[in-house]
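The structure under discussion appears below in the form of structure tokens.
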Amino acid sequence: QVQLVESGGGSVQTGGSLTLSCLASGNIFTIKTMGWYRQAPGKQRELVARITSGGSLNYADSVRGRFTISRDNAKNTVYLQMNSLKPEDTAVYYCNIAVPMNVYWGRGTQVTVSS
């Protein structure tokens, strides 16, 4: 059984910062890709950022230059540093990991940015 536990969400004002963390635990031997997705009310879930086991990065255009994804392989943890937050960043943020033959999701953490 694999579990993903996100933390670090909350409410901030425009221009503020938050750091999300996601710890993966359970029967994990190899994590290929770790990433963050988000879903705003009435919208589809979208990729925010992801990082491969080799360190390759992928960001959504809307967050590039403001958000930074990183991972600690020894701790099976992925982070998302979010700076210069905007009201349009308001969403539930979900952690995602890809392992051989499977993909897992966290339950999500709310990020609210007020103007």
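Search region 45-80 for residues being free of Cβ contacts under 8 Å to residues at least 24 places away in the same chain and in a loop (DSSP other than H, G, I, E, B), and hand back the single one that is farthest from SER21 (Cα to Cα). For region 45-80, the residue satisfying everything is ASP61. For THR52, the test of being of a type in the set (S, T, N, Q), open to solvent by 40 Å² or more (accessible area, probe 1.4 Å), in contact with a Leu (Cβ under 9 Å, 6 or more places away or on another chain) and over 17 Å from GLY108 (Cβ atoms) is failed. Residues in region 1-44 that are outside any loop (DSSP other than H, G, I, E, B) and among the small types (Gly, Ala, Ser) were compared, and the one that is most open to solvent (accessible area, probe 1.4 Å) is SER11.
Quick check: anything in region 81-99 in contact with a Phe, Trp or Tyr (Cβ under 9 Å, 6 or more places away or on another chain) and assigned to a helix (DSSP H, G or I)? Yes, because at least one residue in region 81-99 is in contact with a Phe, Trp or Tyr (Cβ under 9 Å, 6 or more places away or on another chain) and assigned to a helix (DSSP H, G or I).
The values are calculated or read from the model by the stated rules, or taken from the named source; none is laboratory data. Values in this document were obtained by computation on a predicted structure and should not be read as measured data. Glycine also receives a Cβ, built like all others from the backbone with ideal geometry; neighbour counts cover every protein chain displayed. SASA here: full protein model, heavy atoms, side chains in, ligands and nucleic acids out. Shrake-Rupley method; radii C 1.70, N 1.55, O 1.52, S 1.80 Å.
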